[in-house]
Amino acid sequence: MSDPATQPPTEPSRFQPLAKGGPIVFVIALMGLGWFAVHQINAGGSESDQQEAAADDVAAADTLTLPEGKLKAAGFETVPAQSRSLQNYHTIPGRIGYDETKHIEVKAPLDAIVTELRVTPGQAVQGGQLLAILRSPEIGQARAEILKRRAQQQIAQQVLERETTVAKNLLRLSSMLDQDRSVDAIDDSLADLALGSYRQEIMTAYANLQLSAELLDNIAPLANSGAVTGRAIRERRAERQLAEAAFRTARDQATFAAEQARLNAEADLAEADRQLSLAYQAVETLLGYKQDPQSVALDNESSLSRLEVRAPFAGTIESRSFANNERVSRGDSLVVLANTDTLYVSANIRESDWSAVGIQPGTIVSVTVPALDDRRFEARIHYVGRQVQTDTNSVPLIATIDNREGLLRPGMFVRVTVPIGEARQTLSVKPESVVQHENQEFVFVDMNGGTFQRVNVSTGQAVEDWVEVTEGLSDGQLIVTHGAFLLKSELLLQGEAD
């Protein structure tokens, strides 16, 4: 029998426990693996459910419900996201200036002496108000010519009236003559009517005709008795024929002469009218404005040389150049008159802004005045120049601005906001609706019932009142305007609490 100590060690069996308590540990490990496998199989079978759950968690994180008290205190306001017309604008510097059509220098129309200058700088005047009184011999001579031509016109008018009356009375006389009325009857009827020299010529011929006719009628019965020779009767007949011919000639010559005299009188009156009109035009040329014909004085010679300078429109005296009793020359500026109820806004559209050159007259532009705490005014485009100024490489823009309040003054610096390019339709929201966190822009959609949802958006073009939304919203959604920043703060606090 061998010594156990010298025997080689026996290899342990694979089922021999490795350590005390080994079977129990092994069973537990197998159970754990089985549970893990079953859990993995179940998890793999509900992946879509997990994604939906995750989406619900995100939606819940972007949704905020406020109690009624906070809703009332915040006073939220909403505006629907809608497709609106957006227009790009650009601001350029400009200056206020006078309206060129209402800013003039009132000048001396001719050489004269200032008798009286009735206005001072800053004084408001009405249209037609007397500004100054001048005295000039030249205007006196021109007005004297008016008086001469006016007298000639009056004479020509009287002559025409006379000749017209005579021609009319001749027609009445001819009607009586055709009725074979007696000379005495005709004289009685026309005693007070004007006939001129035609009365004597015609009535003498008519009387001779009646006399010769009466003699012939008286001698004709005596021819059969032999008391009168045939020769005497023939002489009476010849006398009557001569008288009738003389009468007809007198009538024809009188009618023709009367008509010619009337036509000549009309021509003379027309010429007198023309000469008077030329005299008025000569005075208007000297004055520089149209003068009322009745304003030419007739009372004395000193008033003829008096020259009144009046305001062509209502406005304010901007400056005055002369004093009383000073001598002025033709073209000297007496006063500068301006109406500042409307003013011009001038600006230059530079090369980078040339896309705005297409704006049409009448377009409304915004004008900001820094000197008046950046107050905004509206101006209407008057014109945009077509020629590029070579020194500034720009195009002039002129707009008309209402200044009836009297706040604006020529020379003020302004900023003019003009439209650039064409307007386009796009979905837009208010600028205050868009808030930002961690470089992500978003808005809050009113879900009703005090619930608001954060919606990430992408923005595009921005103008003063609207911001273009290129992604994230649809037409008609109610977007919070007033209170958007408060909702952002509440949402961030809610996230920290979670």
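Remarks
- In the set L397, L408, L486, only one residue is of a type in the set (A, V, I, L, M, F, W, C) and either farther than 27 Å from D353 by Cβ or free of Cβ contacts under 8 Å to residues at least 12 places away in the same chain (or both); that residue is L486.
- Scanning the stretch 402-433 for residues that are aliphatic (A, V, I, L, M) and open to solvent by 30 Å² or more (accessible area, probe 1.4 Å) yields a total of 5.
- Here is the figure for the stretch 109-135: residues that are open to solvent by less than 10 Å² (accessible area, probe 1.4 Å), part of a loop (DSSP other than H, G, I, E, B) and modelled with pLDDT of 90 or more total 1.
- Long-range neighbours under 7 Å by Cβ, at least six apart or interchain, first residue at negative phi and among the hydroxyl-bearing types (S, T, Y) within the stretch 162-180, second in a helix (DSSP H, G or I) and surrounded by 18 or more Cβ atoms within 10 Å (Cβ to Cβ): T164/R262; S174/R251
- Residue within the stretch 138-157 that is over 30 Å from N348 (Cα atoms), part of a strand (DSSP E or B), touching a residue at least 12 places away in the same chain (Cβ under 8 Å) and open to solvent by less than 60 Å² (accessible area, probe 1.4 Å) present: no
- Among (1) modelled with pLDDT under 90; (2) open to solvent by 50 Å² or more (accessible area, probe 1.4 Å) - the single one L263 does not satisfy: (1)
- Annotation: of all residues in the stretch 65-81 being loosely packed, with under 15 Cβ neighbours inside 10 Å, outside any loop (DSSP other than H, G, I, E, B) and not hydrophobic (A, V, I, L, M, F, W, C), the one that is modelled with the highest pLDDT is P80.
- Condition broken by A347, with the remaining ones in (1) at pLDDT below 90; (2) in contact with a Leu (Cβ under 6 Å, 6 or more places away or on another chain); (3) of a type in the set (G, A, S) satisfied: (1)
- Verdict on L493 being farther than 30 Å from W354 by Cβ and hydrophobic (A, V, I, L, M, F, W, C): yes
- Residues being over 15 Å from I92 (Cβ atoms), part of a strand (DSSP E or B) and either of a type in the set (S, T, Y) or in contact with a Gly (Cβ under 8 Å, 6 or more places away or on another chain) (or both) - total across the stretch 380-425: 3
- Residue selected from the stretch 322-375 under the condition assigned to a strand (DSSP E or B) and among the hydroxyl-bearing types (S, T, Y), by the criterion most open to solvent (accessible area, probe 1.4 Å): S346
- Any chance V384 is under 28 Å from I104 (Cα atoms), of a type outside the set (G, A, S), surrounded by 12 or more Cβ atoms within 10 Å (Cβ to Cβ) and touching a Pro at 6+ places or on another chain (Cβ under 9 Å): yes
- Taking (1) assigned to a strand (DSSP E or B); (2) surrounded by fewer than 20 Cβ atoms within 10 Å (Cβ to Cβ) in turn, G449 satisfies each apart from (1).
- Contact annotation: residue pairs with Cβ atoms under 8 Å, 6 or more positions apart or on different chains, pairing a residue in the stretch 365-381 that is closer than 22 Å to I420 by Cβ and of a type in the set (D, E) with a partner that is assigned to a strand (DSSP E or B) and open to solvent by 50 Å² or more (accessible area, probe 1.4 Å), are E378/I364; E378/D402.
- Selected residue [at pLDDT 95 or above and charged (D, E, K, R)] from R409, R415: R415
- Scanning the stretch 452-466 for residues that are closer than 30 Å to E378 by Cβ, open to solvent by less than 50 Å² (accessible area, probe 1.4 Å) and of a type in the set (A, V, I, L, M) gives a single hit, V463.
- Test: residue in the stretch 203-211 that is assigned to a loop (DSSP other than H, G, I, E, B) and more than 17 Å from A258 (Cβ to Cβ): no
- For T165, the conditions (1) part of a helix (DSSP H, G or I); (2) more than 30 Å from A207 (Cβ to Cβ); (3) polar (S, T, N, Q) all hold with the exception of (2).
- In the stretch 458-469, the count of residues that are on the phi < 0 side of the Ramachandran plot and over 40 Å from the mean Cα position of the chain (by Cα) is one or more.
- For the stretch 244-259, the condition holds for at least one residue, the condition being that it is within 60 Å of the chain's Cα centre (by Cα), closer than 30 Å to Q158 by Cβ and part of a helix (DSSP H, G or I).
- Applying the criterion of being open to solvent by less than 60 Å² (accessible area, probe 1.4 Å), assigned to a helix (DSSP H, G or I) and of a type in the set (S, T, N, Q) to the residues of the stretch 274-294, the residue that is modelled with the lowest pLDDT is S277.
- On inspection, D465 does not qualify as in contact (Cβ under 8 Å) with a residue 60 or more places away in the chain and farther than 16 Å from T65 by Cβ.
- Residues in the stretch 190-241 that are β-branched (V, I, T) and within 20 Å of Q253 (Cα to Cα): I202, T204.
- Test for V435: is it more than 30 Å from Y344 (Cα to Cα) and touching a helix residue (DSSP H, G or I) at 6+ places or on another chain (Cβ under 8 Å): yes
Per-residue answers, yes or no, for (1) in contact with a helix residue (DSSP H, G or I) (Cβ under 9 Å, 6 or more places away or on another chain); (2) under 23 Å from Q87 (Cβ atoms); (3) at pLDDT below 90; (4) open to solvent by 40 Å² or more (accessible area, probe 1.4 Å):
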position	(1), (2), (3), (4)
E468	no, yes, no, no
H482	yes, no, no, yes
F485	yes, no, no, yes
D498	yes, no, yes, yes
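The values are calculated or read from the model by the stated rules, or taken from the named source; none is laboratory data. Since this is a predicted model, take the numbers as computed values, not measurements. Heads up, the Cβs are rebuilt from the backbone with ideal geometry, glycines too, and the neighbour counts pull from every protein chain shown. Only protein heavy atoms, including side chains, enter the accessible area calculation; ligands, DNA and RNA are left aside. Shrake-Rupley method; radii C 1.70, N 1.55, O 1.52, S 1.80 Å.
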